[in-house]
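Enquirer: If you scroll down you'll find the structure; I have some questions about it.
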Amino acid sequence: MNSQRRERKDAHIENYLRSKSRESTLLDNVYIEHNAISDVSLDEIDTTIEFMGKKISMPLMVDAMTGGGSTSVSINEDLSSICESLNIPMAVGSESIAITDEESRESFELVKYKEDLFRIGNLGFEREFNDFLFARDLIEAQAMQVHLNLAQELVMKEGDNSYHSSLSLITKLVNDFPYPIIVKETGSGISKPVAKKLVDAGVKYIDVAGKGGTNFIEIEDLRDFEVDYSDLYGWGIPTAKSIIDTRSVSDDIFVIASGGIKTAMDIVKAIIIGADMTAMSGEVLNYLLHGGYEACESFLKEINLKIKIIMALLGVRSIKELKNIDYKLTGQLKELVED
Ligand SMILES: Cc1cc2nc3c(=O)[nH]c(=O)nc-3n(C[C@H](O)[C@H](O)[C@H](O)COP(=O)(O)O)c2cc1C
């Protein structure tokens, strides 16, 4: 059982790297305009934001990916060092395996030795309250993510599709858990009605993880040749729509934009249309596994530089000002968000 779960963790990474489907986040349908008389110079620009009381260097974190598999130790070691040195938060992958498999714990625990790293734990909503406490303590996390992955569970051979009580379990967690709770999707996005229910349940942090990046229907499909699920690869809410819809529900929640975030332009546009922060998984993994530690670190440093360049071109000095930049929606995104 444990070895099967470890193999599954490795297969997710391998299949992510093999996956081919390219859906759109629709962030290309967000139009922003050049400011030819911007008087903002690069050294005046401040990309820092405050996240759960900590100042971080830019509105980006590395989102949940791994732990438990044979390659997880080195991946989590590298990602946690890079995130600590760049002062951006990092979420570990689902810690579910660590509850029963003692050997797998090392691959998670190692992040707690990165003392300056903002660490976020991760479990599925169906886990017991005590499991969340265990997962939090394992990495001494400052916050916990609760993931929703219905699409993955439904196409996964050994998947769990008993989702009927997800909202009541989430409500209990947000009300009683002693650390902040982030509710996140895993690539299919959060709709407006779902965001409303989450907010009514007391959720303050939503990571939309929309369509346009990592595709878990394909990742699972590549593990199992019995059924061909390729006709479902297009399922999900494009990330740009999910950001707009989630933000429209409340100004008082913290919206994390993820799902297909790959460039500084994606980050800037996500913030302009309503996100407070963004998160990246797959693209960071690509740089780490294809290019190595330095390539991955340089990629993230360049993202920070390019965010500054775009902010200079827009004529804004802070992320707060960036949120007030005018924009227009075009194409399919415009059609989808019009009521
Ligand atoms: C290899 C891999 C493993 C993942 N494992 C988890 C996980 O254990 N828990 C989770 O909440 N999300 C997991 N995710 C989903 C990501 O956190 C993220 O929501 C999703 O990949 C969309 O972002 P992206 O397009 O930037 O990859 C995983 C993603 C990848 C690529």
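Where a number appears in this text, it was derived from the coordinates with a stated rule and is not lab data. Note that this is a predicted model, so its numbers are computed, not measured. Cβ atoms come from the backbone with ideal geometry, glycine included; neighbour counts cover every protein chain shown.
Enquirer: Quick one: angle between helix 129-139 and the longest Cα principal axis of the chain, in degrees between 0 and 90, rounded to 10, please.
Expert: 70
Enquirer: Could you give the angle, 0 to 90 degrees to the nearest 10, between helix 293-314's Cα long axis and the longest principal axis of the Cα atoms of the chain?
Expert: Once rounded, one gets 30 degrees.
Enquirer: Can you find, among ILE181, MET144, VAL316, the residue sitting farthest towards the positive end of the charge dipole of the chain, where Lys and Arg contribute +1 and Asp and Glu -1 at Cβ?
Expert: VAL316
Enquirer: For region 257-339, which GluC sites (Glu not before Pro) are in a loop by DSSP, counting at most 16 other Cβ atoms within 10 Å?
Expert: GLU338
Enquirer: Still on this structure, I have one more. In degrees, nearest 10, range 0 to 90: what is the angle between the Cα axis of helix 72-86 and the longest Cα principal axis of the chain?
Expert: 30
Enquirer: Also, quick follow-up: What would the Debye equation give as log₁₀ I(q)/I(0) for region 109-161 at q = 0.21, 0.22, 0.24, 0.32 Å⁻¹, counting only Cα atoms as equal point scatterers?
Expert: Reported log10 I(q)/I(0), two decimals: -0.77, -0.80, -0.87, -1.15.
Enquirer: Turning to a different aspect of this structure: Take every Cα pair under 8 Å in the chain that's 6+ residues apart, average their separations, divide by the length, and report that relative contact order as a whole percent.
Expert: Once divided by the residue count of the chain, the mean separation gives 23 percent.
Enquirer: Cα atoms only, region 108-237: Rg and Dmax in Å?
Expert: 15.7, 46
Enquirer: Moving on. If you only keep lysine pairs separated by 8 or more in sequence, or across chains, how many in region 213-339 come under 20 Å at the Cα atoms?
Expert: 22
Enquirer: Applying a 10 Å radius around every beta-carbon, put 181-188, 219-226 in order of their mean neighbour count, most first.
Expert: My ranking of the peptides, most packed first, is 181-188, 219-226.
Enquirer: Moving on to the next point. In whole angstrom, and with the biggest value first, how far do the Cα coordinates of the chain range along each principal axis?
Expert: Computed over the chain, the largest-to-smallest principal extents equal 62, 44, 40 Å.
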